[in-house]
Every structure is written in C-alpha cells, then in structure tokens.
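Read through the structure below, which is laid out as structure tokens, and then see the notes.
The values are calculated or read from the model by the stated rules, or taken from the named source; none is laboratory data. All values derive from a computational prediction rather than experimental measurement. Every residue, glycine among them, receives a Cβ derived from its backbone with ideal geometry; neighbour counts consider all protein chains shown.
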Amino acid sequence: MPSVSFVSLGCAKNLVDTEVMIAKLGAAGWQLESDADSADTVVINTCAFIDPAKAESTEVILERAQRKRAGQQLVVAGCLAQRYGEQLQSLIPEIDGVIGTGSYASIVELLDDVQAGSKPVRLAFEAEPEHDFLPRLITTPQATAYLKIAEGCDHPCTFCIIPQLRGGFRSRSEESILAEARALAAAGTRELILIAQDTSMWGRDRGYRRGGLAALLERLHEIDGLEWIRLLYLYPATVDSELIDAMARLPKVCKYMDMPLQHAHPEVLRAMLRPGNGERYLEIIESFRERVPGMTMRSTFIVGFPGEREEHVAYLEEWIARAGLDRVGFFEYSSEEGTPASALGSRVPVRERRKRLLRLREAQRVASEKARLTRVGSIERVLIEERRTLRRGDPLRSHLPATVWCGRSQGEAPGVDGGVFVAGDLTPGTFVDLELTAATAFDFAARVATRTPAHA
C-alpha cells in the first residue's frame, strides 16, 4: 500500500478538510504515516488568510521540499494552493501536485495522477450538493470533534481574501449535517463544535430567512450521546432572536459566543464594509447577557486598518471597557493583495500599529481579569482532556502540584481560551464537576467539587 503523511495548518475548517482527505485516501487503500520522512507522499494543507499564515505555510513547504527524498511526492493543498495555484509549482518545482479548497474531495484521483508522473493542479470549486464530509478520521481528542456546516462566504469585507479562497457561501443540508453528527456521536464525540465562516448565516441560502440555525440546533440537541454543542464564528448581521432563544433554552448548547467584530467605530466599520456599529454591537451583547445567563463572550479586532485615526482607537478603547467581553484577540492589519483595502491610502505605520495593539490589549486585560475573577468559587462542568506537567514558574504552581489534568468548561473553546487545571484521579474524555479556586491570566485552577452544582 502507498503511504501518505499530512501536515495541517491554519483553522479548524482546514482541519476538517484534512480529516476528510485522510479518510478518503484510507478508503482507497492508502496507509497513513505519522513520519513525513518515511511516507511515499506528503500532503501539506495550507493557510493563506493573512501574511503570517502565508509565511508559515511557505516555510513548511520549503522545509519539506528540502527534505524530499528520491521517489517521494509532495502535494500542496488548501488556501495557499487555491490562491496561487500553478505559481507554486513554478516557484517550488519539488511540488508534484496542487489541490485547492474546492477540490479536496478528489484527493484520491489527484494522488493517482501524481503517482502516474503528471503534475496535476485542481482548483475548481467542484459540485458538492450535500457537502458530504463522511467518512472522516477524527484527529482531535476523542471527545471533541468539529463539524463544518457551511463553506465559503458572501460578505464583502474589504480586508478579507476568504471569498476568493473558499468561494461563495454554501450551506450543507440539514440531513447531511445530522447524519455526520449522529456518526460522530456514535463514535464517541461528546462535544460537537459547529464551524463555518459565518455560522449564524446557515440555511439562508436554503430558504430560511430567520431561525435557520436555531432550528438546526433543535435537531442536533436530540442526538443521543452529545453533551455539548458549541458555536464558533457568529456574525453580527446574521445573529437573530431565535438563535439567542435557542441558546438559552437548550441545555446542550454551550453558553459561549465567539463573534468577530473587527472594530467598533462606525467610520472604520464602513471602510471595512462591515455591518452595524459599536452601539448596535453593545445591544447584541446585552441581548445575549439578558437572555443567556452565564454566557462567555469572545471577539476579535483588527488594529491599524488604513485610515484608522487616534479618535477611532480611543473610541474602541472606551467601547472595550463598556462591553466587558471575557476574551478578545487583537490582530495588526495585514494588507492582502487582491482585496479592496490593499488599495487604500492612509496606511498606519507599523510602529504606531503596535503601540495601539498594546494599548487595546491593556484595556481588554482589565475587562478579562474582572470576568475571570467573577467565576472563581463557581462550580462548573469540565471536560477532562489530557495530563499536563506544569513548568516551573507557571502561576498555576502556587495552587496545584506539578502534574495535573487539563480540561475545559463551556466557557473555553479549544486552542484559544486556556483551560481548567485540576489534580486527582480522573479520566480523559469524561465530564467532572469542578470548583474553580483561582484564576491566572489565561487559566483556572480547580478542585473536584464537594458540594452540589447549580446545574444538578
């Protein structure tokens, strides 16, 4: 059997694509090899969202090209492949095949062509009426799995290259999503994480004007075995009242909101072609807080967008204090070729962007610290994930022994939000009620609860 090794870079949507490609190749007789040096073929699933992502993808490709042995094939997949196509092979002749984000369903055929000696490039957005993501080989911890409910994006944000990389917004059918969710639950998934470029827009291209995602959550909630359903990447213009109500009344839906806002000042948002304004965003946040008690809220903001002035930064700084979000990620503006924003003047100098970044991070640090401290003393249900050894100097060492278990509550999404750490005789993949005893800048220390939690 030929063997293949995968390197998956970038976001969770890329990870799902990688898992599908692995499973399709496995069904076709390919053997998965963990050691890339030993594999017959190496597939690198790349990211190209912003310059740092492109740089990382390019670095990994060049490293593999240098390590490529005689007879081994190198294939580049994903967003960088979709964006640059045949140019990649011209610049890096060691690349034997290129497959874009809309063509990964034909990964078996592409690798067959590569083995036959051709240098195929597949970039078309192939017809996937049901976006069938089965089978998949899940690579996340067994209890957690991502489920991609839509592909592409229709929003015209001037800074973003995603519509060119992923195509227009296309919802998967409810039947396809439910079939995959049931299969994942039957295989041991307990936390299902729904992802898309705009998750709250699901179903609008299939006839739902409002309440589409809420109706889908109702059906997912009925699946035996699932304990948590987490939503990532809501969009302020497509969040509706029905969704908030569903999150409030369905116990399995995590009380967690990740809604990238990018800015708050109306002038900057207009330049970005983003909907709404800071005041409207505060109304949405308050709606979640009022109707979904205990909601954890996360967002992201771009700093230094072309034309951003001091008054815009001061407005956002004040807005951050008013919003009181639990967590925020800040990113320096990255000019991406082919986007409308790349042609704008009034560029913010790099040094000034970084000064603004530090300033806004400090404003959010105060809000995040306040939010974390309000959780200390609470009892929360935590999914235990893995054993960890705390490094010397880790702030958690003043509260816990060196060897601990790491898990997450509903308030922590994997990979971005830190975790909950606890000592004891526990089992990965299980849920335990823990009392949060201390908070650090990113994580919580905890102990096994000895009193009855509020949700019991």
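For the list (1) over 23 Å from Thr144 (Cβ atoms); (2) surrounded by fewer than 17 Cβ atoms within 10 Å (Cβ to Cβ); (3) aliphatic (A, V, I, L, M), I need the number of the one condition that Val448 fails.
Here Val448 clears every test but (1).
Can you find a residue that is among the acidic types (Asp, Glu), touching a helix residue (DSSP H, G or I) at 6+ places or on another chain (Cβ under 7 Å) and touching a residue at least 40 places away in the same chain (Cβ under 8 Å) anywhere in region 381-390?
The answer is no, given that none of the residues of region 381-390 is among the acidic types (Asp, Glu), touching a helix residue (DSSP H, G or I) at 6+ places or on another chain (Cβ under 7 Å) and touching a residue at least 40 places away in the same chain (Cβ under 8 Å).
I'd like the full set of residues that are β-branched (Val, Ile, Thr) and not in a loop (DSSP other than H, G, I, E, B), limited to region 220-235.
Selection gives Ile229 alone.
Report yes if some residue within region 199-206 is in a helix (DSSP H, G or I), among the polar types (S, T, N, Q), assigned by TED's automatic domain parsing to the domain that holds Gln164 and surrounded by 21 or more Cβ atoms within 10 Å (Cβ to Cβ); otherwise report no.
Looking through region 199-206, at least one residue is in a helix (DSSP H, G or I), among the polar types (S, T, N, Q), assigned by TED's automatic domain parsing to the domain that holds Gln164 and surrounded by 21 or more Cβ atoms within 10 Å (Cβ to Cβ).
Give all pairs with beta carbons closer than 7 Å in which a residue from region 229-254 that is within 20 Å of Leu147 (Cβ to Cβ) meets a residue that is among the acidic types (Asp, Glu) and surrounded by fewer than 16 Cβ atoms within 10 Å (Cβ to Cβ); count only pairs at least 6 apart in sequence or on separate chains.
Listed by first residue and then by second, the contacts come to Ala246/Glu218.
Being more than 22 Å from Leu232 (Cβ to Cβ) and small (Gly, Ala, Ser) narrows it down to one residue among Ser299, Ser409, Ser335; which is it?
One residue alone meets the criteria, Ser335.
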